[in-house]
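Structure, as structure tokens:
The values are calculated or read from the model by the stated rules, or taken from the named source; none is laboratory data. Computed from a predicted model, the values in this text were never measured in an experiment. Every residue, glycine as well, gets a Cβ built from its backbone with ideal geometry; the counts of neighbours run over all protein chains shown.
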Amino acid sequence: MRFGRGVAAAAAVVGALMAPVAFGITVGAGTARAESWQLGPLYRYEFTGVGAEYFCSKSTAQARAARAIELVPCTLDPATGSWYRIAIDTYGLAPQGLGSSS
């Protein structure tokens, strides 16, 4: 079975994205200084304080509406007492310049 270039390119993108995800999950979650970050379409949001779990869930609902791919759902980081989630913004992955011209 032979795969097309599109499948190979998609596999390369997914492979390149998995390294920061693994780093963000293992290092970011277990440290006392976990923070929100963004690397291209891959991002991590962190929520602290009163209502953090609610805001994390609300953010998840908004991301799903925007068709983001959730890699790590809302999770409590016991070291920092904060909630975080990691996702890929699929809207940011769309090829640029393919819409209607103005």
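For the reader, a short list of remarks on this structure follows.
- Selection within segment 59-76 - more than 11 Å from the chain's Cα centre (by Cα) and modelled with pLDDT under 90: S59, A61, Q62, R64, A65, A66, R67
- Residue that is surrounded by the most Cβ atoms within 10 Å (Cβ to Cβ) [pool: residues in segment 39-62 that are in a loop (DSSP other than H, G, I, E, B) and of a type outside the set (V, I, T)]: P41
- Every condition in (1) touching a residue at least 24 places away in the same chain (Cβ under 8 Å); (2) assigned to a loop (DSSP other than H, G, I, E, B) holds for L71 except the one numbered (2).
- Of the residues in segment 81-90, not one is modelled with pLDDT under 85 and in a loop (DSSP other than H, G, I, E, B).
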